[in-house]
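The values are calculated or read from the model by the stated rules, or taken from the named source; none is laboratory data. Model, not experiment: these values are computed from the prediction. Glycine gets a Cβ as well: all are built from the backbone with ideal geometry, and neighbour counts include every protein chain shown. Side chains are part of the model used for accessible areas, which takes the heavy atoms of the whole protein and leaves out ligands, DNA and RNA. Shrake-Rupley method; radii C 1.70, N 1.55, O 1.52, S 1.80 Å.
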Amino acid sequence: MTSTELAATADRIRALAAGLRENGTDQDALNALAATRELTRAVSQLQVEAVAVLQRSGAFAAAGHRRPDSAVASALTVDRGRAREIVRAAEHVAARVDLQGQVLPPVLPAMAAAFSSGAASLQHVDLIARLLDSPAARRIPPYAWTGIEEQIAAVADTSTPTELARFGAELVRAYDQDGDEPDEREPVQVNELRLTPLPGGGGKISGVFTDPVRYAMIATVIDAKATPLTAQDPRSAAERNADALTEVCGFVATHGDTILPTTAGERPHIAVTVRLADLENRARAACLDLGDTPTPAALRALCCDAKVIPIVLDGDSQPLDIGREARTIPLAIRRAIVARDRGCAHPGCDRPPSWCEIHHIREWARGGHTKTDNLVMLCWTHHQEIHSTEWLVRIARDGLPEFIPPAWLDKERTPRRHPRTGPPGRPDSTRPPQTNPGRSVFRVPR
């Protein structure tokens, strides 16, 4: 199928959607909704086969992408997790090529048949592929796994992805009831702590510690600080535990010079970005380093009793232009880049500043200055891609970074930018990308 045929198909679907919106009946809507099940699976098949072809030909590696999921995410403008589902499906239900160039059958032949017939969705395939990679499934001999996979594929069309994954896991457990031999099994401890930001600000912390020593250490410290302040302390036990954890972390951040490692070149800290106008208005609006907006009361508390670094935008308190004197990024300039980019500036990336590096757009060794209009914040993955692929980065005339995709991804090479770049509250921080040339454009040699 050519790109012209695909475009015509997409136009036809849009026309059907427009007709449904304007004159559709309830029955028309129900019929259309049912049909999208097959259409969605057909599109997933096309995406998976396209990725498989590019993997077999080595096109991703030739374009400088060490991991295909990053290239797929850019091509489809989706989150990397979604791109990883497509890549994982291509690795398991599409034909492969070995080192000698010989074509091999899919890793999951039964699921491949179900997927190609439309009986299984992309999510079905992804979950079963992950099940295959589990330790229990890897202990199952190939002949036994073939039977298990056939049973899984047989019920894919009538099961939700979660139900199918649960059914597959039960089959694996039923076969692998004994697990490893006692003399081969090593005790596996699960120690995990997840930090999940919430859309409206703040976040959720959850964790599991099966190591009794680690758990006891954490529980002892929290319990000591969570004691009720008085007999009438209105806080619940959970609220006291949360306050205790915050207080302990705050103490370590303030007094842990010899304990805490540096984060991206400096000690962990809380940075508050505030516009000059808001600062003059008694600081009623500000933005924390990770993107949250504190309440005025919380902001006043931070400024009163914590090591807070104020970043005043449009102020003259920091020298931000040091010309050619240094290659390393001075702390003042790094803070200015953090305030502007607020994490990896590559479109679609959600990495916070603590996971990022500062990149010279025009290399320092080639005359690039260590100035804000020649610097951009990138996570490790996108920093490597800027150096090894056809992506370009520049600072536009409005002072914000924008990225030019390679021609294979976008023939027009229309500049893209991350919607969060720019100071909080800046009117032009969400404007569409500028098409006029920027001030600092430099293609990094491969």
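List the residues, sorted by chain then number, that are 5 or more residues from His346 or on another chain and whose placed amide H is less than 5 Å from its amide H.
Those lying under 5 Å, H to H, from His346 are Cys379.
Could you give each residue of the range 136-152 its phi-based ³J(HN,Hα) in whole Hz, using Karplus coefficients 6.51, -1.76, 1.60 with θ = phi - 60°, and x for Gly or Pro?
Coupling constants for the range 136-152: 5, 5, 5, 7, 7, x, x, 5, 6, 4, 4, x, 5, 5, 5, 5, 5 Hz.
Search the structure for amide H atoms under 5 Å from the amide H of Leu392, placed 1.01 Å from N in the peptide plane, and list their residues when 5 or more places away or on another chain.
Close amide H contacts, sequence-distant or interchain: Ile404.
Considering only Ala110, Ala89, Gln55, whose Cα is most displaced toward the positive end of the charge dipole of the range 33-159, charges sitting on Cβ of Lys, Arg (+1) and Asp, Glu (-1)?
Of the listed residues, the answer is Gln55.
Take Arg12 and Ile218, extend 7 Å from each Cα along the Cα→Cβ direction, and tell me the distance between the two endpoints in nm.
Roughly 5.5 nm, to one decimal.
Using the Karplus curve 6.51 cos²θ - 1.76 cosθ + 1.60 with θ = phi - 60°, work out ³J(HN,Hα) for each residue of the range 371-388 in order, rounded to whole Hz, and write x for Gly and Pro.
Values per residue, Gly and Pro as x: 9, 4, 7, 10, 10, 8, 8, 9, 6, 4, 4, 6, 5, 5, 5, 4, 7, 10 Hz.
At 0.36 nm per residue, minus the direct Cα-Cα distance, what do Thr36 and Gln123 gain on full extension? Give it in nm, one decimal, please.
Extending this stretch completely gives an extra 29.8 nm.
Percent of accessible area on the range 12-119 owned by carbon and sulfur, 1.4 Å probe?
Solvent-exposed carbon and sulfur of the range 12-119 make up 59 percent of the total.
Over the range 38-171, what number does the Rg to Rh ratio reach, with both radii from the alpha-carbon atoms and Rh per Kirkwood?
0.97
What number comes out for accessible area per residue over the range 74-159 if the probe is 1.4 Å? Units Å², please.
That works out to 48 Å² per residue.
Scan the range 354-412 for GluC sites (Glu not before Pro) in coil per DSSP, keeping those whose Cβ has at most 15 other Cβ atoms within 10 Å, and list them by number.
Glu363, Glu412
Which whole-number percent of Cα pairs in the range 96-135 have a distance greater than 13 Å?
57
Which value, in debye to the nearest 20, gives the size of the charge dipole of the range 48-111 about its Cα centre, when Lys and Arg are +1 and Asp and Glu are -1 at the Cβ?
My answer is approximately 160 debye.
Within the range 329-415, list the chymotrypsin sites (Phe, Trp or Tyr not before Pro) lying in a DSSP loop whose Cβ has at most 13 other Cβ atoms in a 10 Å radius.
Here the chymotrypsin sites (Phe, Trp or Tyr not before Pro) that fit, given the DSSP loop and packing criteria, are Trp408.
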